[in-house]
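Before any comments, here is the structure.
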Amino acid sequence: MYDYLIIGNGIAGLSAAEEIRKHEDTATILIVSDEKGHTYWRTRLSELIAKDFNDDEILVKKDPWYNDRRIEERFNTKVLKIDKDKKIAYLEDGEEIEYGKVLIATGAHAFIPPIKNADSQGVFAIRSSEDLVEFKNYVKDKKKLVIIGGGILGLEAADSAHKLGLDILVIEAFDYLLARQLDRDLSGKLEKALNEMGIETLTGKNTKEILIEDGHVVGVKLSDDSEIKADAIMIQAGVRSNIEIAQNSDLATDRGILVGEDLKVEGYDIYAAGDVAQIDNFTIGLWTASMEMGKIAGANMTGEHRTYEKPKPFSTLMIGDIKLFSAGMNSGEGIEEEKIEKDGKIYKLFKNGDKFVGGILWGDIKYQMDVKAIVFEGKDPAETKLGAEIFGL
C-alpha cells in the first residue's frame, strides 16, 4: 500500500512527487514508469541530435535526490489499468498495487499521420532518449534526411541534423512555416534564412507514401505523386495523449483524461497532469505547462486547493543566426499590424480594435517580456521599453 502512486516519470510526475514530499514528510510515494530510468530533459532531444551525450547528463535529478526524499521508483513497469473504487493499480506482470491517491502522468506519444509505410525501417519519430540513440545510429552512414513537419520541433531537429552533415529537406503541409506563430511575411523570411543555412523547405505539400526498397527507406511520394529521394525520414507532426490506462479504467476521456482546474477526476482520488490531462477542451503539450500541472496536482493530492490556469501561447526559435519570438495572435478578421524595421530586425504588434492581441520579434528578442505584458496583461506599449525604444511612444 502506497499513500501516493504516480504513473509516469516525465516532468509532471517528477514535479508532483517533489511537491508531495514538501507537504508530507512521512507519506510513501511510488513512481511507476515504463521507461528505463529517471526523468530526463525531453526538451533537449532535438539539440542532442548533433551532440554526444550519456544518460546521466540529461537527467533532471540523479539518484541521491530520490533516495534523500524517500521517493521509490520502478522502471520498465507498465500499468494496465486502475480500479477507481478499490484503489488498486494492475500491472502488466499481474502485480497489484494498492494506493491512497493516484496521479496519471503518462505523457504523450508522437503522432504519425496516415502515411503509407510509415512503420518502415528508417522512419523515426523522436520522443524518447531511446528513439534519439536509434536515430543517430541509423543515420551515421546516411546522406539525406526528410523531416515531415515544419513546426518548432521540426525546425530545431532540422538544424541539429544538418550539423551532423546530413542534407535536410523539411516538408510542411501548411502553406507556410510556423503558421501558428508567424504571419506570412515573417514566415517567408524564416524560410529564406533556413534555405541560406542549407536547410531546404517545401511548403503546402502533403506526404502520401514513404518509398521502400529492400525494407529500407529510399524516399517519399507527395500527394501530387512527385517523388523525393531520402535515406531516412523523421516525422514531427505533433503528439497524442497516452490515455490507454484511463480508457481501460473507465475514466472519462476525450483527447486527454478529463479533469477539472484542480486536475482531479471528479468523484475519485485520481488526478491527471501533463500532456495527458485535458481541462475543458484543451490539452497542452508543453514542458513548462506539464511541470506546473505536476506541482499543482501534487499539492492538491495532499489537501491543498490550487487551480491550474491555461497558459498563454508564446514560442521562441533560436537556430543559427535566426532568433524569433512570437506571442498571441497575428492573423484573423479585424487584426491590424504595427511594424517597425531597424537594421534588419523586425518588431510587430497586432491589434484588434483597441486591444493588442499579438506580437512578433525577429532578430532581436530581448523585448519578449514587454510583448508578453502588452499582449497577455493589457499593458500600454508606451509604458514598456519596446514602446519607448522601438516604436517611439
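The values are calculated or read from the model by the stated rules, or taken from the named source; none is laboratory data. Since we're looking at a predicted model, the values are computed, not measured. Cβ atoms come from the backbone with ideal geometry, glycine included; neighbour counts cover every protein chain shown. In case anyone asks, the SASA skips ligands and DNA or RNA and just uses the protein heavy atoms, side chains included. Shrake-Rupley method; radii C 1.70, N 1.55, O 1.52, S 1.80 Å.
For Leu80, the conditions (1) buried (at least 16 other Cβ atoms within 10 Å of the Cβ); (2) more than 30 Å from Ile147 (Cα to Cα); (3) aliphatic (A, V, I, L, M) all hold with the exception of (1). Counting only residues that are within 25 Å of Thr302 (Cα to Cα) and of a type in the set (A, V, I, L, M, F, W, C), segment 230-277 holds 15 of them.
For segment 34-57, the tally of residues that are more than 21 Å from Ala161 (Cα to Cα), open to solvent by 60 Å² or more (accessible area, probe 1.4 Å) and in contact (Cβ under 8 Å) with a residue 40 or more places away in the chain stands at 2. Taking residues in segment 83-97 that are more than 11 Å from Ser249 (Cα to Cα), and partners anywhere that are of a type in the set (S, T, N, Q) and open to solvent by less than 40 Å² (accessible area, probe 1.4 Å), the pairs with Cβ atoms closer than 7 Å and at least 6 places apart or on different chains are Leu91/Thr77. Out of the residues in segment 120-133 that are surrounded by fewer than 17 Cβ atoms within 10 Å (Cβ to Cβ) and over 17 Å from Gly149 (Cβ atoms), state the one that is modelled with the lowest pLDDT. The selected residue is Glu130.
Of all residues in segment 147-167, those being hydrophobic (A, V, I, L, M, F, W, C), within 17 Å of Val123 (Cβ to Cβ) and open to solvent by less than 50 Å² (accessible area, probe 1.4 Å) number 6.
Of the residues in segment 212-244, how many are of a type in the set (Asp, Glu), loosely packed, with under 15 Cβ neighbours inside 10 Å and within 17 Å of Gln121 (Cβ to Cβ)? Counting residues in segment 212-244 that are of a type in the set (Asp, Glu), loosely packed, with under 15 Cβ neighbours inside 10 Å and within 17 Å of Gln121 (Cβ to Cβ) gives 2. Restricted to segment 168-202, and to residues there that are in a strand (DSSP E or B) and in contact with a helix residue (DSSP H, G or I) (Cβ under 7 Å, 6 or more places away or on another chain), the residue that is most open to solvent (accessible area, probe 1.4 Å) is Thr201.
Within segment 383-392, the set of residues being open to solvent by less than 30 Å² (accessible area, probe 1.4 Å) and in a loop (DSSP other than H, G, I, E, B) comprises just one member, Thr384.
Just to be sure, is Ala108 surrounded by 20 or more Cβ atoms within 10 Å (Cβ to Cβ), touching a residue at least 12 places away in the same chain (Cβ under 8 Å) and closer than 26 Å to Ala16 by Cβ? Show your work before the answer.
Numbers: surrounded by 20 or more Cβ atoms within 10 Å (Cβ to Cβ): yes; touching a residue at least 12 places away in the same chain (Cβ under 8 Å): yes; closer than 26 Å to Ala16 by Cβ: yes.
So Ala108 passes the test.
The number of residues in segment 323-336 that are open to solvent by 60 Å² or more (accessible area, probe 1.4 Å) and without any contact (Cβ under 8 Å) to a residue 40 or more places away in the chain comes to 3.
Scanning segment 371-382 for residues that are touching an Asp or Glu at 6+ places or on another chain (Cβ under 9 Å) and either in a helix (DSSP H, G or I) or open to solvent by less than 20 Å² (accessible area, probe 1.4 Å) (or both) turns up Ala373, Ile374, Pro381. When segment 284-322 is filtered for residues that are modelled with pLDDT of 90 or more, open to solvent by 90 Å² or more (accessible area, probe 1.4 Å) and either of a type in the set (D, E, K, R) or within 17 Å of Tyr367 (Cα to Cα) (or both), the ones remaining, listed by number, are Glu309, Phe314, Met318, Asp321.
Conditions tested, residue by residue: (1) in contact with a helix residue (DSSP H, G or I) (Cβ under 8 Å, 6 or more places away or on another chain); (2) over 29 Å from Gly149 (Cα atoms); (3) in a loop (DSSP other than H, G, I, E, B); (4) among the polar types (S, T, N, Q).
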residue: Ile212; (1), (2), (3), (4): no, no, no, no
residue: Val220; (1), (2), (3), (4): no, no, no, no
residue: Asp225; (1), (2), (3), (4): no, no, yes, no
residue: Ile233; (1), (2), (3), (4): no, no, no, no
residue: Glu266; (1), (2), (3), (4): no, yes, yes, no
residue: Tyr271; (1), (2), (3), (4): yes, yes, no, no
residue: Ser290; (1), (2), (3), (4): yes, no, no, yes
residue: Met293; (1), (2), (3), (4): yes, no, no, no
residue: Thr307; (1), (2), (3), (4): yes, yes, yes, yes
